[in-house]
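Asker: Quick one: this structure, given as structure tokens, is what I'll be asking you about.
Here, each number is a calculation from the coordinates, and none is a lab measurement. These figures come from a predicted structure and were not determined experimentally. In this analysis, Cβ positions are derived from the backbone assuming ideal geometry, glycine residues included, and neighbour counts consider all displayed protein chains.
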Amino acid sequence: MSRQQALEKKITQNISSILAIDNKLKEQQHKLLNENTQEVKNQIDEEIINLLKQRDGYAAENNNLEEQIIHMDEANAGENDAAEGENDATEGENDANEGENDVNEGENDANEDSDKEN
């Protein structure tokens, strides 16, 4: 598995965790609405705060992972551009060599014609 695939897999796992936390948040909010005692409401509030912190942590990690993927894509694009530049340079050298060969063939033809005349 490539590094990018591993990062993408981790992002998917984090999204699953975020969705699970969202479900827990809904449950806690429902409990909060049905609870009458302040002490239990305070406990539920703390649980909600902790869930929100966990959720924020997963979201922040995903942002970081997505940034890493973007940088990897940019690096790959740079490498591809460099390889294309090298290919273009090689093609230019090949064209120059072909031109030189054409000149040499022309000189050879001229020499042969000259030899025939002599």
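Asker: Where q = 0.18, 0.24 Å⁻¹, what log10 of I(q)/I(0) comes from the Debye formula for region 3-111, counting one point per Cα?
Answerer: Values, matching the q order: -0.93, -1.15.
Asker: Okay, which of region 43-62 sit inside 16 Å, backbone N to the point 7 Å along the Cα-Cβ direction of Ile18?
Answerer: From region 43-62, the list is 51-62.
Asker: For the chain, what number of Lys pairs, 8 or more residues apart or on separate chains, have alpha-carbon atoms under 25 Å from each other?
Answerer: Close lysine pairs under the 25 Å cut-off: 12.
Asker: Extension gain Glu8-Glu84, at 0.36 nm per residue separation less the Cα-Cα distance, in nm?
Answerer: In short, 24.6 nm is gained.
Asker: Suppose the chain between Asn104 and Asp56 were pulled fully straight at 0.36 nm per residue; how much longer would it get relative to their current alpha carbon spacing? Working shown, then result.
Answerer: Numbers: separation 48, 0.36 × 48 = 17.28 nm, distance 7.16 nm.
Taking Asn104 through Asp56 to full extension adds about 10.1 nm, to one decimal.
Asker: Comparing Asn23, Asn50, Asn108, which has the greatest mean-square fluctuation in the GNM of the chain with Cα pairs linked when under 10 Å apart?
Answerer: Asn108
Asker: Additional query: Which ³J(HN,Hα) values in Hz, rounded to whole numbers, follow from the phi angles of region 4-18 under the Karplus curve 6.51 cos²θ - 1.76 cosθ + 1.60, where θ = phi - 60° and Gly and Pro get x?
Answerer: For region 4-18, the Karplus-derived couplings read 5, 5, 5, 5, 5, 5, 5, 4, 4, 4, 5, 4, 4, 5, 4 Hz, x marking Gly and Pro.
Asker: Which residue, Ile11, Asn80, Met1, has the largest displacement toward the positive end of the dipole of the chain when charges sit on each Cβ (Lys, Arg +1; Asp, Glu -1)?
Answerer: Ile11
Asker: To the nearest Å, what is the center-to-center distance of region 1-55 and region 69-117, using C-alpha atoms only?
Answerer: If we compute the Cα centre of each part, the gap is 61 Å.
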